[in-house]
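Working notes, structure below.
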Amino acid sequence: MQPTAVRSPEVRFSESPAPAVAPVACDQKIAVTLPIGALDATSSSWSPDGRLLALGAHAFSRMGSATPDQQRVLVLTVATLDLRDIARGSDPVWSADGSRLAFRDGHAWTDPTADLVIYDVSSAHEVGRIAGANTKLPFGWRGGELLYWKGSELWTWRGGTGTRVFDLGRDPEPGLAIRFSGDGERAVVTVSGAWGGAPVEASIIDTRAGSIERLIGAWRLEPSPRGHAVFVSFLDHREIRLEDGTVWSAPIPFAGGIVIWSADGRQPLLSPNEFVGFGNTADLETLDGAPAGVAVPTLLQAAAFNVGGDLFSGVQYGGRGPSSLDLYRCRLVAARQNPVTVTVYYGESSFEPWAAKRDGTAPAGWEALAERDLKLVGLHPLEIGRIRTLEPSILCDQPKCPNGFGLRVVIPYADRDRAYSRCFREPYPNTFAMDAAIGGYNCVPLYSGN
């Protein structure tokens with residue numbers, strides 16, 4: 001399939017189109033216990049009306065993946081916390097009207113072609129089964145049609161009849177990821193680089209037209225859970241591509257972290273800092289970098305609000321123990337004054353002209369030299385200082401080692417994302433404040449040396 005010519009969208013460099021929301025914190029945990037012994041939660045999906053959660057789970061095993069017979073699909077009724085085991089399977093997805101679930105009957109990676117099951121929730125019966133589906137690629141709903149893959153071909157299923165849409169032109173490969181939007185009208189495709197880094201390829205599929213648009217320079221795509229808006233992140237800006245072709249853009253990077261769509265599915269809420277401890281909540285931002293007034297637990301997989309916005313859920317990976325479904329009640333909180341500044345830290349490199357020597361001495365006028373380099377990368381320092389990050393006893397004599405010092409820089413809150421894109425890090429409570437980046441390893445320096 002060849003890329004199609006796409007009309008240049010209308011771009012609006014403006015504030016996020018979504019209205020402001022009342023300050024909310026989702027921190028009141030609701031205890032949910034999975035039945036049938038020690039089940040390992042693997043996925044969760046809210047029903048369109050927000051009353052039910054469909055869960056994928058399997059028997060917990062320390063030694064490897066569960067067999068198909070050990071995989072279960074469960075449905076949680078939120079009001080009563082009643083959890084029903086409905087069938088063997090994994091990765092349940094709701095239809096647009098909430099009447100049906102589609103799930104995989106087989107293991108995604110050990111069974112190259114497993115069956116897809118269509119299950120009617122009200123009658124509690126299987127109403128359809130698709131044999132030979134490609135289980136290495138995801139499936140989704142477009143209205144009453146189920147979207148699924150056969151090999152590299154996208155198909156739709158309705159009432160027992162399958163229809164071919166188009167051929168992606170490539171077999172599943174390591175690093176290939178596809179996700180459907182909430183209405184199934186779009187799918188985002190990324191191919192990750194080495195070691196799970198930024199994608200070397202990013203595209204948006206129009207499932208109605210059977211066309212694909214390649215996005216040059218994009219490294220993160222997140223489809224909306226309602227409608228088919230898409231959040232796209234580039235190295236120098238972030239944007240939302242709406243259904244009518246309008247693009248809302250903000251000229252600041254998104255340097256990592258989580259993307260949570262608002263309860264109405266219209267606004268991506270962002271946490272640009274990825275160093276947040278387990279169990280902590282993170283304050284999210286809007287597209288234009290302003291505080292969103294929303295704080296949620298981080299490091300959850302399949303994290304999402306229900307349609308009413310009063311509940312928040314996700315899967316917490318368990319490490320040595322089974323993973324769990326984490327369910328939180330959201331509450332209104334008193335409005336806090338928006339932070340004016342942020343303090344970030346940066347590990348110095350020996351070749352930067354303002355860097356300290358190993359004994360702590362620095363060239364005359366080092367503050368002005370550092371301020372110049374900060375401004376060259378788009379930062380506006382309000383205060384510049386220096387801190388010791390390593391004890392002299394553990395430093396080595398080779399140039400590749402850090403000098404044991406780092407910059408402490410106070411910047412306006414609006415510069416936060418740009419700072420992170422240059423390997424600055426902000427300390428969080430109850431975590432190792434400086435992290436490895438302060439040691440100078442694996443960090444892009446401000447000053448480009450030879």
Would you tally the residues in the range 370-390 being in contact with a Pro (Cβ under 8 Å, 6 or more places away or on another chain) and assigned to a loop (DSSP other than H, G, I, E, B)?
4
Can you pull out the residues in the range 231-245 that are in contact (Cβ under 8 Å) with a residue 60 or more places away in the chain, surrounded by 15 or more Cβ atoms within 10 Å (Cβ to Cβ) and assigned to a loop (DSSP other than H, G, I, E, B)?
LEU242
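Test ASP91 against the criterion of being touching a Phe, Trp or Tyr at 6+ places or on another chain (Cβ under 9 Å), at positive phi and modelled with pLDDT of 65 or more, and give yes or no. Give the steps one after another, and end with the answer.
Values: touching a Phe, Trp or Tyr at 6+ places or on another chain (Cβ under 9 Å): yes; at positive phi: yes; modelled with pLDDT of 65 or more: yes.
Yes.
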Within the range 420-433, which residues are under 18 Å from ALA282 (Cα atoms) and at pLDDT 50 or above?
TYR420, PHE424, ARG425, GLU426, PRO427
For the range 356-380, which positions are in contact (Cβ under 8 Å) with a residue 60 or more places away in the chain and of a type in the set (Val, Ile, Thr)?
VAL377
Answer yes if at least one residue in the range 177-184 is buried (at least 20 other Cβ atoms within 10 Å of the Cβ), modelled with pLDDT of 95 or more and more than 17 Å from the chain's Cα centre (by Cα), and no otherwise.
yes
May I ask you to say which residue of PRO353, PRO363, PRO339 is at pLDDT below 75 and either crowded, with 19+ Cβ neighbours inside 10 Å or over 30 Å from ARG51 (Cβ atoms) (or both)?
PRO339
Subset tally (residues that are part of a strand (DSSP E or B) and under 26 Å from TRP46 (Cα atoms)) for the range 137-161:
13
Might you let me know whether the range 280-293 holds any residue that is in contact with an Asp or Glu (Cβ under 6 Å, 6 or more places away or on another chain), at pLDDT below 90, closer than 21 Å to ARG226 by Cα and among the small types (Gly, Ala, Ser)?
yes
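The values are calculated or read from the model by the stated rules, or taken from the named source; none is laboratory data. Since the structure is predicted, the reported quantities are computational estimates derived from the model, not experimental observations. Here the Cβ is made from the backbone with ideal geometry for all residues, glycine too, and neighbour counts use every protein chain on show.
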